[in-house]
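Chemist: First the structure, which I've put down as structure tokens, then a few questions once you've had a look.
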Amino acid sequence: MTQGMRNPKAEHVDFGFLEGVIKQKPNILPVNVDMLYELNEHFLIAEWKHSNEEISLGQKIALKALSKQPKFMVLIIYGMSNESGAIVDKVYKVQEDKLKLIGNGINDLKSLIQKWADYAQSS
């Protein structure tokens, strides 16, 4: 297995035990993010989804809020990646209340990550 690959036997974290912890919003639960880069205090965050998979309401709220922060780029990637390989269908950037299509395929994703890194490194 390649270094940095996620353990395919790892279980999904169930955050249900944290329900009610935040008294102001007792129904709020943590959301997970599939991909996170940090470079020079800039962040690239991505959520991966299969083509027919929906983004949960909690993820929508959190990702939209993060996309409004300076030094944050938030992506939604439709595809998959596991020990058998990777497929990237469409890459969207979260902007305000919209998703902007910014790439198709693995090469577009890699190019986008490098452009983000160039920008992060230069600021």
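Chemist: Pick from Gln95, Gln69, Gln24: which residue has the top mean-square fluctuation in a GNM of the chain where Cα pairs under 10 Å get a spring?
Modeler: Evaluated over the chain, the most mobile residue of the options is Gln24.
Chemist: How much length, in nm to one decimal, is gained on full extension between Phe72 and Asp108, taken as 0.36 nm per residue of separation minus their Cα-Cα distance? Mind showing how you got there, number by number?
Modeler: On the way: separation 36, 0.36 × 36 = 12.96 nm, distance 1.91 nm.
The Phe72-Asp108 span can extend by a further 11.1 nm.
Chemist: While we're on this one: Which number do you get for Rg(Cα) / (2.2 N^0.38 Å) in segment 83-123? Write down the numbers at each step before the final one.
Modeler: On the way: Rg = 12.2 Å, N = 41, 2.2 N^0.38 = 9.0 Å.
Computed over Cα atoms of segment 83-123, the ratio equals 1.35.
Chemist: How much length, in nm to one decimal, is gained on full extension between Asp89 and Ile28, taken as 0.36 nm per residue of separation minus their Cα-Cα distance? Write out the running numbers ahead of the final one.
Modeler: Working: separation 61, 0.36 × 61 = 21.96 nm, distance 3.10 nm.
Answer, rounded to one decimal: 18.9 nm.
Chemist: What are the ³J(HN,Hα) couplings of segment 105-113, residue after residue, when phi is run through the Karplus curve with 6.51, -1.76, 1.60 and θ = phi - 60°? Round to Hz, x for glycine and proline.
Modeler: x, 4, 5, 4, 4, 4, 5, 4, 4
Chemist: Where is the GNM fluctuation largest for the chain (alpha-carbon springs, 10 angstrom cutoff): Val31, Val13, Val88?
Modeler: In this elastic network of the chain, the residue with the biggest mean-square fluctuation among Val31, Val13, Val88 is Val13.
Chemist: In terms of modelled amide H atoms, which long-range or inter-chain residues lie less than 5 Å from the amide H of Lys49?
Modeler: Distant-sequence amide H within range of Lys49: Ile77, Tyr78, Gly79.
Chemist: Turning to a different aspect of this structure: Could you go through segment 75-80 in sequence order and give the Karplus-derived ³J(HN,Hα) for each residue, using 6.51 cos²θ - 1.76 cosθ + 1.60 with θ = phi - 60°, rounded to whole Hz, and x for Gly and Pro?
Modeler: 10, 10, 10, 9, x, 7
Chemist: Sequence-distant or interchain residues sharing an amide H contact under 5 Å with Met73, placed H: which?
Modeler: Sorted by chain and number, the residues that satisfy this are Phe43, Leu44, Ile45.
Chemist: What number, in percent, do you get for the relative contact order of the chain if the mean sequence gap of Cα pairs under 8 Å and at least 6 apart is divided by its residue count?
Modeler: On the way: 168 pairs, mean separation 22.8, N = 123.
It rounds to 18 percent for the chain.
Chemist: With 5 Å bins from zero, work out the P(r) of the chain over every alpha carbon pair and list the percent per bin.
Modeler: 2, 9, 17, 21, 20, 16, 9, 4, 1
Chemist: Could you give the length gained by full extension between Phe15 and Asp118, i.e. 0.36 nm per residue of separation minus their alpha carbon distance, to one decimal place? Display every interim value, and only then the final one.
Modeler: Numbers: separation 103, 0.36 × 103 = 37.08 nm, distance 3.56 nm.
That pair, Phe15 and Asp118, stretches by 33.5 nm at full extension.
Chemist: Quick check on my link table: of Lys23/Lys49; Lys23/Lys93; Lys25/Lys93; Lys23/Lys60; Lys25/Lys115, which ones sit more than 26 Å apart, alpha carbon to alpha carbon? Walk me through the intermediate numbers first.
Modeler: Details: Lys23/Lys49 31 Å; Lys23/Lys93 32 Å; Lys25/Lys93 28 Å; Lys23/Lys60 21 Å; Lys25/Lys115 38 Å.
Table pairs above 26 Å Cα-Cα are Lys23/Lys49; Lys23/Lys93; Lys25/Lys93; Lys25/Lys115.
Chemist: If I build a Gaussian network model for the chain, linking alpha-carbon pairs within less than 10 angstrom, which residue out of Lys71, Lys98, Lys90 has the largest mean-square fluctuation?
Modeler: For the chain, modelled as a Gaussian network with Cα springs under 10 Å, the answer is Lys98.
Chemist: For segment 19-25, take each phi angle, set θ = phi - 60°, evaluate the Karplus expression 6.51 cos²θ - 1.76 cosθ + 1.60, and give the result in whole Hz per residue in order, putting x for glycine and proline.
Modeler: With coefficients 6.51, -1.76 and 1.60, one gets 4, x, 5, 8, 4, 5, 9 Hz.
Every number here is computed from the coordinates shown, using simple stated rules; none is lab data. Here the structure is a predicted model, which means the values were calculated and not measured.
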